[in-house]
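Written below as C-alpha cells is the structure these notes are about.
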Amino acid sequence: MFLTKGRLLLVDDEKDATSLLYTILQKSGFEVVFFNDPLLALEHFKPRYYDLVILDIRMPNMNGFELYRQIKGKDNRVKVCFLTAVSEFKEYEQYRKEVCPKLGERHFIAKPVSNFELIRRVNEMLTTNGISMA
C-alpha cells in the first residue's frame, strides 16, 4: 500500500496554477484534493481529514482569509498555509492582522514558487507542527 506524506487541500481559483501545484504535490507523495472555487471547497471540506490546507489569498466570492476563518470554524486543528503574490499583503493587511496577529503564526508562500521550494516548505510545515512524515 502506498503511504502518503500527508493529506492536503489546495484552493486556488487559477486552474493552471492549481493543476501544476496538484501535480507537483502528488508526485512528491502527498494526497491532494483541490478546488478552484472557495465556496465549493468550503461546502466539501471534511473536518479532521486534512493535515494542511493551502489557500490562495485573492479569489472571487471569498478570499483566502475568509475561507480560512470558515474552515477553522469547522476544524480548529487543521494547519493552513497561504499562497500569495507579495503585492497582495498590503491589500489584505486587515485580514492578515485578524488571522495572523503574531508574526510567523501562519505560513505564507510567495508566488511564483519553485517546485523544490514548495515541497520543502510543505514538508517543513507538516513536520514543524508535529505531523509525522510517512
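Just so you know, all these numbers are worked out from the coordinates, no wet-lab data involved. The model shown is predicted, which means the values in this text are computed figures rather than measured ones.
Subtract the Cα-Cα distance of Asp16 and His44 from 0.36 nm times their separation in residues, and report this length gain in nm to one decimal. Contour length minus Cα-Cα distance gives 8.0 nm.
Extension gain, Glu124 to Arg58: 0.36 nm times the residue separation minus the Cα-Cα distance gives 21.4 nm. One decimal place: the segment Phe116-Thr23 gains 32.2 nm when fully extended, by the rule 0.36 nm per residue minus the C-alpha distance.
Report, to one decimal in Å, the Kirkwood hydrodynamic radius for segment 1-66 based on all distinct Cα pairs. Present the calculation step by step, with values, prior to reporting the outcome.
Details: mean 1/r = 0.0824 Å⁻¹.
Kirkwood hydrodynamic radius for segment 1-66: 12.1 Å.
Take the cross-link list Lys5/Lys79; Lys27/Lys74; Lys5/Lys27; Lys5/Lys46; Lys5/Lys74 and give me the ones stretching past 21 Å between alpha-carbons. Mind dumping the intermediate values first?
Numbers: Lys5/Lys79 14 Å; Lys27/Lys74 29 Å; Lys5/Lys27 11 Å; Lys5/Lys46 18 Å; Lys5/Lys74 23 Å.
Too far apart for the 21 Å limit: Lys27/Lys74; Lys5/Lys74.
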